[in-house]
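The next block holds one structure in the form of structure tokens; read it before the comments.
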Amino acid sequence: MELKDDSGKLFYVGGCVRDEILDLPSVDIDVCYEGDVIDYVLARNYTIIKAQKDIRTVKVLIDGREIDFASTRKEIYPKPGHLPVTIKTGCPLKDDLTRRDFTINSIAKSVKTGQIFDPTGGCKDIKTKILRVHHDKSFIDDPTRIIRGLKFSLRFGFKFDPHTEDLKNEYLNNVNYDMSFSRLKKELIDCFNLNFDEALERFINEGMYKLLTSTLPQKPLISIKSIVNEFKISSPWLLYLGSTDLSRLSLTKTESKIINGLKKIRQSKNPLLECTKSEVQTVLLWTIYDNPEQGLYYLRNREKIKPFITGKELLHLGLKGKQIGKVMELIQEARFKNPKLNLDDELSIVKTFQDRL
Ligand code: ATP
Ligand code: MG
């Protein structure tokens, strides 16, 4: 989408400029104004949706699309690993660009003239496929940049430049756990939802797991990517991180249920039976990290190995409450062992069960 500007001080910045240079489509547009953007927008009759007065940003509606306009800003990190604090708005564009994560994301393009402003060599780094931070404290200020780097590396085939790589390793050997784990979680979700097996290989091999825990995660026994594709999992990040200690992240109820379910399957004498009570992602975790053969057998055949007899029919046969659950488990177990059993076979299991009561 093309914006209009008469001031010469409005710039496209960040991902959209990088993507244009790479000739890739961009999902969102980031725009910044070298000055006060709220004054800029007010003077031009834009439809304002929301303004954030303290950091001088504004959401406007253009051609039916919501676009964030920011004022250039300078930031500091009073507490490393936590949100930065804006110390100046309307600062020179260069200061706004050098507060960013990598040089490839620190390029601006004038909305009025199309001229590129690239004070840190981002265009060259895009050409040579290099991820380079702006200063030696970049990962200390914001360790989530390590995961952002992994994400860009996977998406575009870029590599950390040797000095940035050293800074990354240095940080990973001295992680400061007093950090914003909610920001880290967001970046982990974005990165692992790309669905690359290589993401987890590198996360483990390059020690990025240390951002969460000192315990080395277990490697998957099969390709997670192929599992995700076969079972059409739309948000698979938890499958990639299922063997990593996530206790530092705040998980939603559903996420905790998926992870805790794995413990239940692991403790069960009959894991396949436990699978019938678990969420699909829990069964997938067990399949990936513990038992691909049995897990895949269950997942691919679970429709076929569902008991024919229903709870209602068992009620009619005179069974009550817990007995129904118990006999269903016996039938299910028998069906796992021999998927060819039919309704008559199931009825004889019920009969044997009743005879023993
Ligand atoms: P994507 O295509 O994934 O949206 P992006 O580069 O646009 O990539 P965003 O998360 O949308 O990434 O952020 C927009 C811009 O904000 C980035 O290009 C970068 O300049 C800056 N930015 C985002 N996160 C950080 C961070 N943790 N530290 C410094 N700058 C950041
Ligand atoms: Mg973006």
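The table below gives the values:
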{"item": "Leading residue by the ranking (nearest to the chain's Cα centre (by Cα)) among those in the stretch 1-18 that are buried (at least 17 other Cβ atoms within 10 Å of the Cβ) and within 16 Å of ligand 2 (Cβ to nearest atom)", "result": "GLY15"}
{"item": "Candidate set: the stretch 335-357, residues that are of a type in the set (S, T, N, Q) and more than 19 Å from LEU273 (Cα to Cα); chosen: the one surrounded by the most Cβ atoms within 10 Å (Cβ to Cβ)", "result": "GLN354"}
{"item": "Matching residues, the stretch 14-23, being farther than 13 Å from ALA70 by Cβ and touching a residue at least 24 places away in the same chain (Cβ under 8 Å)", "result": "GLY15, VAL17, ARG18, GLU20, ILE21, LEU22"}
{"item": "Single condition LEU61 does not satisfy, out of (1) over 22 Å from CYS123 (Cβ atoms); (2) touching a Ser or Thr at 6+ places or on another chain (Cβ under 7 Å); (3) within 16 Å of ligand 2 (Cβ to nearest atom)", "result": "(3)"}
{"item": "So THR282, is it part of a helix (DSSP H, G or I), more than 24 Å from PHE336 (Cβ to Cβ), at pLDDT 95 or above and not assigned by TED's automatic domain parsing to the domain that holds GLY325", "result": "no"}
{"item": "Selection within the stretch 61-75 - in contact with a strand residue (DSSP E or B) (Cβ under 8 Å, 6 or more places away or on another chain) and either exposed (fewer than 12 other Cβ atoms within 10 Å of the Cβ) or among the hydroxyl-bearing types (Ser, Thr, Tyr) (or both)", "result": "SER71, THR72"}
{"item": "Filtered residues of the stretch 141-160 (kept if more than 16 Å from ligand 2 (Cβ to nearest atom) and among the basic types (Lys, Arg))", "result": "LYS159"}
{"item": "Matching residues in the stretch 200-234 - criterion: being outside any helix (DSSP H, G or I) and without any contact (Cβ under 8 Å) to a residue 12 or more places away in the chain", "result": "SER214, LYS232, SER234"}
{"item": "Which listed residue, of THR86, THR72, is at negative phi, more than 10 Å from ligand 1 (Cβ to nearest atom) and touching a Cys at 6+ places or on another chain (Cβ under 7 Å)", "result": "THR72"}
{"item": "The stretch 4-31 - residue that is of a type in the set (Val, Ile, Thr) and assigned to a loop (DSSP other than H, G, I, E, B) and, of those, farthest from ligand 1 (Cβ to nearest atom)", "result": "ILE29"}
{"item": "Criterion violated by ASP54 - all others in (1) in a strand (DSSP E or B); (2) under 18 Å from TYR40 (Cβ atoms); (3) more than 16 Å from ligand 2 (Cβ to nearest atom) satisfied", "result": "(1)"}
{"item": "Number of the condition not met by ASP96 [criteria: (1) surrounded by 15 or more Cβ atoms within 10 Å (Cβ to Cβ); (2) more than 16 Å from ligand 2 (Cβ to nearest atom)]", "result": "(2)"}
{"item": "Residue match in the stretch 32-42 (condition: more than 14 Å from ligand 1 (Cβ to nearest atom), β-branched (Val, Ile, Thr), under 18 Å from GLY64 (Cβ atoms) and not in a loop (DSSP other than H, G, I, E, B))", "result": "yes"}
{"item": "PHE336 part of a helix (DSSP H, G or I) and either closer than 19 Å to SER243 by Cα or of a type outside the set (Val, Ile, Thr) (or both)", "result": "yes"}
{"item": "Any pair with Cβ under 8 angstrom, 6 or more apart, that starts in the stretch 32-60 at a residue that is surrounded by fewer than 18 Cβ atoms within 10 Å (Cβ to Cβ) and ends at one that is acidic (Asp, Glu) and in a strand (DSSP E or B)", "result": "ILE49/GLU66; LYS59/GLU66; LYS59/ASP68"}
{"item": "Given (1) within 30 Å of ASP39 (Cα to Cα); (2) within 14 Å of ligand 1 (Cβ to nearest atom); (3) out of contact with any Gly (no Cβ under 9 Å at 6 or more places or on another chain); (4) among the hydrophobic types (A, V, I, L, M, F, W, C), index of the condition ILE104 fails", "result": "(3)"}
{"item": "Selected residue (only one of LYS312, LYS277, LYS257 is of a type in the set (D, E, K, R) and at pLDDT 95 or above)", "result": "LYS257"}
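The values are calculated or read from the model by the stated rules, or taken from the named source; none is laboratory data. The shown structure was predicted, so the numbers you read here are calculated from the model rather than taken from an experiment. Because the Cβ atoms are built from the backbone with ideal geometry, glycine has one as well, and the counts that use them run over all protein chains shown.
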